[in-house]
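The structure appears below as structure tokens.
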Amino acid sequence: MKERQLGFRDERPDKMDSYILEAMAKRHPLSLLLDQVEDTRNLGALFRLADAARLQHIWALGDSGLFDSKIVRRVARSTLSYVPHNTIDLNEARTLAQQQNMVALEITDNSIPYTAYAPPGPCILVIGNEKDGVSEELLALCQKSIHIPMYGVNTSMNVAMATAIAVYGLLDKIRQG
């Protein structure tokens, strides 16, 4: 059994600058497209996830000022400085859909469990708004819709938590492929 990590630098190399450069260069072929995610705590948590999973990019549909929020910066810690991100509009999302496979994390009549889906190549996971989910416009751009099976009484979960589950499930499939 591995000993407990006692501090931040316990598992980090001595030369942190070169470690960050390597992490930035060696990213997994998975990105996030956030469809009007509004809660600043969720946005900050998604940046932490993108760093932890070495995701390729975060694109956000919506207010570009969200990235400037003090709460986002506090929750995200320093990850905004090295996780590639920017805001886009619907036309730019259409262009992305032509370049890469887009998959919505959304329960639909045709969605499949996230565990049953293996990305055929570089993939963009579309994450919906906390209240309304993925918009119809973005769902129409997605090749597939995946969901997390819900076994409890509630039929939804926090967007950052759901995204983390799906991201690590997809990364597992990417590594196996």
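Only the coordinates and a few stated rules stand behind these numbers; no lab work does. These figures come from a predicted structure and were not determined experimentally. All Cβ positions, glycine included, derive from the backbone under ideal geometry; neighbour counts span all protein chains shown.
Some points to look at:
- Shape analysis of region 112-177 based on the Cα gyration tensor places the equivalent ellipsoid semi-axes at 20, 16, 10 Å, largest first.
- Across region 101-112, rounded Karplus estimates of 3J(HN,Hα) from the backbone phi angles (6.51 cos²θ - 1.76 cosθ + 1.60, θ = phi - 60°) give 5, 10, 10, 8, 8, 7, 6, 9, 5, 10, 6, 10 Hz, Gly and Pro being marked x.
- Selection from Val167, Pro113, Ile127, by position along the positive dipole direction of the chain (Cβ): Val167
- Length available on full extension from Ser156 to Lys70: 0.36 nm per residue minus the Cα-Cα distance, which gives 28.2 nm.
- Exposure proxy ranking for Asp35, Asp63, Asp89, based on other Cβ atoms within 10 angstrom of each Cβ and starting from the fewest, stands as Asp89, Asp63, Asp35.
- Kyte-Doolittle mean at least -1.0 and Cα axial length at least 15 Å: DSSP H helices in the chain: 40-52, 159-176
- Fully extending the segment from Gln143 to Thr115 would add 8.4 nm, taking 0.36 nm per residue of separation and subtracting the current Cα-Cα distance.
- Debye-sum result for region 27-176 in log10 I(q)/I(0), which assumes one identical scatterer on each alpha carbon, at q = 0.11 Å⁻¹: -0.36
- Computed over region 32-79, the ratio Rg/Rh where both radii use C-alpha atoms and Rh is Kirkwood: 0.92
- Cross-link partners of Lys144 among lysines (Cα-Cα below 23 Å; sequence separation of 8 or more within a chain): Lys131, Lys173
- Label point distance in nm, Ser18-Asn91, each placed 7 Å from Cα along Cα→Cβ: 4.5
- Extended-chain gain in nm, criterion 0.36 nm per residue less alpha-carbon gap, Ile174 and Arg54: 41.9 nm
- Quotient of Cα Rg and 2.2 N^0.38 Å for region 63-130, N being how many residues it contains: 1.36
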